[in-house]
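Okay, so here's the structure we're looking at.
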Amino acid sequence: MRKHIVAGNWKMNNDLPQTEALITELKAQQLTSDAKVMIAPTFTNLWPAFEALRQTNIEVIAQNMHFADHGAYTGEVSARMLKSIGISTVILGHSERRAYFNESDDLLAKKVDAALENKMDVIFCFGEELEDRKSGNHEHIVENQIKNALFHLEASQFKNIVLAYEPVWAIGTGETASPEQAQEMHAFIRQTLFDAYGEDVANATSILYGGSVKPNNAKEIFSKPDVDGGLIGGAALNAEDFFAIINAF
C-alpha cells in the first residue's frame, strides 16, 4: 500500500529563532491522519530541527544536496554530511533548482544515484512550465524529466523514491490547477511507471502534488485516487495551516 506523505519545503525561510518557534508550534498540533509528516528547513537549521523533533513523528529532510561525496565544491553539502546529522531524505529536482540554478536531468540523475548509494530516500520533483501546458506538451515534458533522471534505476530502487509533481504554471502565476487536472497528470505518471517497471512499482510509488496545496483545497486534491500527498511550500510555514493540510487525509 502506498504511503500518504505531506512534506513541508521551507525553502530559504526562517532563521534559527524562527525555526525553533515554528517547531514549537508544530509539536503542539494534533495529528489525526495516517500521513507521514516531513519538514525541510534550510541547511543551517537541519541539525537543531532534527534534535528538536527527534522524539516526534515529524521527519526532518534536506532541500538539496551535491552528487559528490566530498571535494572542492564550495558552498555545497554531500549526502554523507546529511547522513552524519541524522538526515535520511532529500528533495531533488525542485522547480526552483531547475529554473534558478540550471539543474539538468543529467545532473539530477547523478544526485539521485549519490543519494541512493548513501542509503537516502529521495523526493524527486518535476513538472511543466505554463507554455508547456498551453501548447499541450505537458505530458511529454514530464515523461522526459522522469525518464532522463530515474529510468536508469533498477525496479528495486524505487522503494526509496517518492515522486512530486509540480505544475510550475500553477504556482504564483494566477493560473489555477484543478483537482481533476492534478489527478489526470498523476494517473499519467503512474502509467509511465507501469509501462517501464510494471504493476508492483507503479502501485507502490507515492506521487505527491506540489501545486499550491492549501487548507481549503487539500481535502479535494487528496481524495483523488492517484494523489498520495503533497509537497507544501508557503502553507508549511504556518503550523495550523500545515496540519490542516496533513489532517485532510
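What follows is calculated from the coordinates using simple rules that are stated; it is not laboratory data. Since this is a predicted model, take the numbers as computed values, not measurements. Methodologically, a virtual Cβ is constructed for each residue, glycine included, from the backbone with ideal geometry; neighbour enumeration extends over all protein chains shown.
If each residue of separation counts as 0.36 nm, what is the full-extension length gain between LYS83 and SER104 once their alpha-carbon separation is subtracted?
The span from LYS83 to SER104 would gain 5.1 nm if fully extended.
Apply 1/(1 + (r/R0)^6) to the Cβ-Cβ distance of GLU76 and PHE151, taking R0 = 25 Å, and write down the FRET efficiency to the nearest 0.05.
Using R0 = 25 Å, I get an efficiency of 0.45.
Residues with amide H under 5 Å of ILE232's amide H, sequence separation 5 or more or different chain, H placed in the peptide plane at 1.01 Å from N; which?
HN-HN under 5 Å from ILE232: ALA7, GLY8, ASN9.
Can you list residues from other chains, or at least 5 along the same chain, whose modelled amide H is less than 5 Å from the amide H of GLN29?
none
Along the stretch 140-157, what does the Karplus equation 6.51 cos²θ - 1.76 cosθ + 1.60 (θ = phi - 60°) give for ³J(HN,Hα), rounded to whole Hz, x for Gly and Pro?
5, 4, 5, 4, 5, 4, 5, 4, 5, 9, 10, 7, 8, 6, 6, 4, 5, 6
Select from GLN183, PRO48, ALA196 the residue farthest towards the positive end of the dipole of the chain; place +1 on Cβ of Lys and Arg, -1 on Cβ of Asp and Glu, and compute about the Cα centre.
The listed residue farthest towards the positive side: PRO48.
May I ask for the net charge around ALA52, where only other residues with Cβ less than 14 Å from the Cβ of ALA52 are counted and Lys, Arg are +1 while Asp, Glu are -1?
Value of the local net charge: -2.
So who's got an amide H within less than 5 Å of the one on VAL90, skipping anything under 5 residues away but keeping other chains? H placed 1.01 Å off N, in plane.
Answer set, sorted by chain and number: ALA62, ASP121, VAL122, ILE123.
Could you please state, rounded to a whole Å, how far the C-alpha centre of the stretch 130-187 is from the C-alpha centre of the stretch 29-71?
24 Å
Counting alpha carbon pairs within less than 8 Å and at least 6 residues apart, what relative contact order, in whole percent, applies to the chain?
23 percent
Please turn the phi angles of the stretch 103-115 into ³J(HN,Hα) values with the Karplus equation 6.51 cos²θ - 1.76 cosθ + 1.60 (θ = phi - 60°), one per residue in order, whole Hz, x for glycine and proline.
Values per residue, Gly and Pro as x: 6, 8, 4, 5, 4, 5, 4, 5, 5, 4, 4, 5, 4 Hz.
Just want to confirm a number: the relative contact order over the stretch 170-249, from Cα pairs under 8 angstrom separated by 6+ residues, in percent.
Normalised by residue count, the contact order of the stretch 170-249 is 30 percent.
Assuming R0 = 35 Å, what is the FRET efficiency of ASN137 and LYS219, from their Cβ-Cβ distance, to the nearest 0.05?
0.70
What are the ³J(HN,Hα) values, in whole Hz, obtained from phi via the Karplus relation 6.51 cos²θ - 1.76 cosθ + 1.60 with θ = phi - 60°, for each residue of the stretch 195-200 in sequence order, with x given for Gly and Pro?
Those phi angles translate into 4, 8, 10, x, 5, 4 Hz.
Could you name the lysines whose alpha carbon sits less than 21 Å from that of LYS111, not counting residues in the same chain fewer than 8 places away?
LYS11, LYS83, LYS119, LYS147, LYS159
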